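Step one of this worksheet: look at the structure below.
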Amino acid sequence: MQLSREQLLESYRQMRTIREFEDRVHDEFATGNIPGFVHLYAGEEASAAGVCAELSDKDYIASTHRGHGHCIAKGCDVKAMMKEIYGARDGLCGGKGGSMHIADLSKGMMGANGIVGGGPPLVCGAALTAKTLKTGGVAIAFVGDGASNQGTTLESFNLASVWNLPAIFVVEDNGYAETTASGWSVGGSQVDRAKGFGMPGVEVDGLDFFAVNAAAREAVDRARAGDGPSLIHVKLNRYFGHFEGDAQSYRADGETDRLRKEFDALSFFRQKVTEAGLLEASELDDIDSEVGILIDEAVSEAESAPRGTDADLLTDVYLNY
Ligand SMILES: Cc1ncc(C[n+]2csc(CCOP(=O)(O)OP(=O)(O)O)c2C)c(N)n1
Ligand SMILES: [Mg+2]
């Protein structure tokens, strides 16, 4: 089924929110106001938005260390996310997780993850739960090209296959694992790897929201029908360094400027929907303005929000079942 007008507007809003959020965190991090470590998702928006357009709160995703985009696309509260990144007490996880551990289980967002390849095993668990309890839900692991080489990821491919789980593995291939180009580190093809584990795999262009979304729809439909796992290999680019502060000496001169011009999923989406008469440019402009205001407010509220106290260190340590 094609996405409705409302869904298209929502997906564009998500992509614009991710871009603004990340560009702003980049600027604010440089001021020294943001504690911890930050990895930005700008440039990769069509993957999170294209996949999550097929999901609802009963579906689970597991994210990566580069997780802000997945959180936004899965419906996490943007202001609470910003507060979390600033370490504020009323951040999404009480300010205790920060950028790399944002989670909101009420939205099916199992968390960003500091462990590369940490998401796929969690997704096997969530997918097994969905299958056993017959919730109709699916579970999706986003992994980077680097994480695609982790044993945890490959073991999860196998488990998902032998247990016939409603699981989907989305390999977000931005061409680098930290400073190592994927051509140096990834053997074979992601699609062939999927075949090796008995599941379908497809490669899509991460510039194109619609290509990602079509692949996600097929994989989600298959999973919901009880036909098992799939893999989607999304080729995309990251605009910023591996982490904020990365000197990026391993990238070609002008590479990131060129990517902003030539690989912009938001411009691509705009052109597609306006040329096809699906949406008006003015509607998209309105979203741009609204998102700008939202992010301004999110930053100023996060800056002035109270931080945790010493006593807060002793709460949320154990969970009683
Ligand atoms: C188990 C583990 N090994 C190594 C690291 C250090 N590390 C953090 S990010 C990263 C690269 C991940 O690359 P990729 O999966 O391609 O994700 P990207 O950063 O490109 O989004 C590494 C090696 C880690 N956090 N966890
Ligand atoms: Mg990578």
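A short reminder: the numbers here are calculations on the coordinates, not readings from a lab. Since the model is a prediction, treat every value here as computed from it, not as a measurement. Cβ atoms come from the backbone with ideal geometry, glycine included; neighbour counts cover every protein chain shown.
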Testing the spin-label approximation: label points 7 Å from Cα along Cα→Cβ at S300 and R89. State their distance in nm. 2.3 nm
Quick one: 3J(HN,Hα) in Hz for the stretch 125-131, Karplus 6.51/-1.76/1.60 with θ = phi - 60°, rounded, Gly and Pro as x. x, 5, 5, 5, 4, 4, 5
The rounded separation in angstrom of the Cα centers of the stretch 219-238 and the stretch 65-137 is 19 Å
Given points 7 Å out from each Cα along the Cα-Cβ axis, report the I293 to Y321 separation in nanometres with one decimal. 4.7 nm
Mean Cβ count within 10 Å, highest first, over the residues of peptides 192-198, 57-63, 159-165: 57-63, 159-165, 192-198
Arrange the peptides 178-191, 77-90 so that the one whose residues have, on average, the most other Cβ atoms within 10 Å appears first. 77-90, 178-191
Expressed in nm to one decimal, what extension gain is obtained for the pair T180 and N33 from 0.36 nm per residue of sequence separation less their Cα-Cα distance? 50.0 nm
Karplus-derived HN-Hα couplings along the stretch 133-150 (A = 6.51, B = -1.76, C = 1.60, θ = phi - 60°), whole Hz, x at Gly and Pro: 8, 6, 7, x, x, 10, 10, 10, 9, 8, 9, x, 4, x, 5, 5, 8, 6
Could you tell me the calculated FRET efficiency between D77 and T274, based on Cβ-Cβ distance and R0 = 35 angstrom, to the nearest 0.05? 0.70
How far, in nm, would the chain grow between S282 and D312 when pulled straight, counting 0.36 nm per residue and subtracting the alpha carbon separation? 6.2 nm
If the chain between E218 and A247 were fully stretched, how many nm would it gain, using 0.36 nm times the residue separation less the Cα-Cα distance? 6.5 nm
How big is the antiparallel share of DSSP beta bridges in the chain, given as a percent to the nearest 5? 15 percent
Quick check: convex hull of the Cα atoms in the stretch 5-302, volume per residue, rounded to a whole Å³? 119 Å³
Relative contact order for the stretch 1-132: what is it in percent, counting Cα pairs under 8 Å that are at least 6 residues apart? 24 percent
Normalising by the residue count of the stretch 5-302, find the relative contact order in percent from Cα pairs under 8 Å and 6+ residues apart. 22 percent
Cysteines without a disulfide-compatible partner [the chain; Cβ-Cβ under 4.7 Å]: C52, C93, C124
